[in-house]
Amino acid sequence: MKKIIKNPGFMVVEILVAISIITVSILAATAVAQKSIYVSRQAFHTTQATFLLEEGAEAVRILRDNAWSNISSLAVSTNYYPTFSGGTWTLSQTANTVGIFTRRVTIAGVNRDNDTQDIASSGTDDPKAKLVTVTVFWLEGGVTITKTLQFYIIDIFS
């Protein structure tokens, strides 16, 4: 007995639809995997930047602990770059990078309210306190990403 196929072109259409569904599924899975890799890399870089921020803050504290003049002699609003050399930390005005990251330290003066002695936006300059800003930035996918850490540092040894 012979089987009679009424629509021989229908099988070709079914095959084309199945191939299209499989292709779209593979492309979607590839796009998800690619985005996942990008997000993982970005999270890894953010974690590295956080460690570099903390290390920069510790470098400034070490400079303060060695002598307050290491901090008080720095020019306000000038960019400094922490460098570890000769077994200690120094701040240089020459930019340096750690891998893809650039780390920068700036110092700002601190004012105290004349009545309460609290830190204020106006008042008397406190030469024994500084506002330190550590910034880490890097290029990620054509965009500059910046992370910042601000803290006050005080001359605690005199």
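Computed from the coordinates by the stated procedures, all read-outs in this text should not be read as laboratory data. On a predicted model such as this, the values are computed, not experimentally measured, just so you know. Backbone-built Cβ (ideal geometry, glycine too); neighbour counts: all protein chains shown.
Of the listed requirements (1) touching a Lys or Arg at 6+ places or on another chain (Cβ under 9 Å); (2) among the aliphatic types (A, V, I, L, M); (3) closer than 21 Å to Q48 by Cα; (4) surrounded by 16 or more Cβ atoms within 10 Å (Cβ to Cβ), A95 misses just one: (4).
Residue count for region 60-88 satisfying the condition of being over 30 Å from G142 (Cβ atoms) and within 21 Å of the chain's Cα centre (by Cα): 3. Only residues that are polar (S, T, N, Q) and part of a helix (DSSP H, G or I): list them for region 40-97, please. Residues satisfying the conditions are S40, Q42, T46, T47, Q48, T50, N66, S69, N70, S72.
Restricting attention to region 121-144, the residues that are surrounded by 11 or more Cβ atoms within 10 Å (Cβ to Cβ) and over 22 Å from W68 (Cβ atoms) total 6. Condition first: among the aliphatic types (A, V, I, L, M) and in contact (Cβ under 8 Å) with a residue 40 or more places away in the chain. Now tell me which residues in region 75-108 satisfy that. Correct list: V98, I100, V105.
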